[in-house]
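The structure under discussion appears below in the form of structure tokens.
Each reported figure results from applying straightforward, stated rules to the coordinates on display, with no laboratory input. Since we're looking at a predicted model, the values are computed, not measured. Cβ placement follows ideal geometry from the backbone for every residue including glycine, while neighbour counts extend to all protein chains displayed.
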Amino acid sequence: MDGASQDAGHRDAETVVQGLAEALRENTARLGTDVHPDLGMQWLEYGDALLSLVETGVSGNVGGEEMDVVSEDPQRAGAVIPESQTTQQNDDTQECSQFAELEEDLELAWESLETARRCLEMKADDAASSSLVQCHLRLADLLNLQGLKESAIEECRKAEKYSKTQEEKGLSSLHLLRLQEQLSGLTPEATVDVGEGLAIQNSFAAREQAVETPMEVPVRKRPRVQSLDRCSSGQKPEDTTESAEA
């Protein structure tokens, strides 16, 4: 895909995220709270869309390397800067801005998925259980993106508890199997049958370590979706490994 197509796709994804955010603002204002059974799917869709933006940015190598902004030397403020150096400075600044956006979206994705989990847990129907499977698997994806594979594995196990259909069980099992293989330093097979995932996963259980590393979430810059205040969530990003068990 060329650069123009990537930019167009990113703009489309941003438009989707903004639309979901606006719908959430309206509904949280109407309900007077961020955590409500009727908001579960909306928070899930919003968090999923934000995480997809991060995943697309990472796969496009945005922020893939440590970047430094070239600061201006006060003694050279009046100097004529070569065009090549100016271009490099602009590129570095743009890359840092893109990296910051990924960090902001990552934190908001975490908050949104956690809020979705709390809302969905207020409902007791099959649709909510199915959505909770998706919610925990996306939390696993987010944690895995940060290199917190043990915590991601825990989220997969929580997804398994809500899985009722064979398809959901297979999806959760396959997610878990791949994470366990990565944690064990093994290379996953190119294709793994869902049934094989259900049968093989237990062989890795003994190799897993206890979840001890808390999730580290970057500083937010993108505005939150909120109706009153977000203190109602009662959580901080550091609570990732414990929140779903509360």
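Shown for His36, His136, His175: other C-beta atoms within 10 Å of each C-beta, ranked fewest to most, produce the order His36, His175, His136.
Using θ = phi - 60° in the Karplus curve 6.51 cos²θ - 1.76 cosθ + 1.60, the 3J(HN,Hα) couplings for region 128-133 round to 5, 4, 5, 5, 5, 4 Hz; x is entered for Gly and Pro. Roughly what would the spin-label model give for Glu150 and Asp12, points 7 Å off Cα along C-beta, in nm? So the two model labels end up 4.1 nm from each other.
A straight chain from Ser184 to Ala127 at 0.36 nm per residue would run longer than the Cα-Cα distance by 17.1 nm.
Each label point was placed 7 Å from the Cα along the Cα-to-Cβ direction; for Arg157 and Ala100 their separation is 4.0 nm.
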